[in-house]
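Reviewing the structure listed below.
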Amino acid sequence: MTKAEIEAYILSSLEVATDHSFEGDPTVTIFRRLDNNQRFAATKNVGSRSVNVERAGRIDILNLCVSPRLVATLREREGFRPAWRMNRNKWVTILLDGTVPDDEIRTYIEEAYKNVGKKGGKR
């Protein structure tokens, strides 16, 4: 999935609001649940080397807030990285380079949305 496809999927499938709170960087989109205003996903375009991809240029990424247990598992897999500029115990980065299948990305998006659900706000 591309960054644009992910953003369209989230906006059409889940009850969310977006914000662009990183001043000066229009490539960042933050997704928050409407019911509790909690962040669960963010898309961004970053320098490849900032996420340990050994090639020149930039790459789109998706950051997701998932359970710490899932973070530990996913970081060991190809196409996943420790969260870029987020709490690395609760967030994971997915490289949007085609490595991770689209259906799997959608599953993790839904998991992140549920993870920050109505349980009284923050986990």
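A few notes on this one:
The rows are residues; the columns are (1) surrounded by 11 or more Cβ atoms within 10 Å (Cβ to Cβ); (2) in a loop (DSSP other than H, G, I, E, B); (3) at pLDDT 90 or above; (4) at positive phi.
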| site | (1), (2), (3), (4) |
| --- | --- |
| Arg88 | yes, yes, no, no |
| Val100 | yes, yes, yes, no |
| Ile105 | yes, no, yes, no |
| Glu110 | yes, no, yes, no |
| Lys114 | yes, no, yes, no |
| Lys122 | no, yes, no, no |
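- Single residue of Asp19, Asp25, Asp60 found to be modelled with pLDDT under 90, more than 26 Å from Lys114 (Cβ to Cβ) and not aliphatic (A, V, I, L, M): Asp25
The values are calculated or read from the model by the stated rules, or taken from the named source; none is laboratory data. This is a predicted model, so every value here is computed, not measured. No Cβ is skipped: glycine too gets one built from the backbone with ideal geometry, and neighbour counts run over all protein chains shown.
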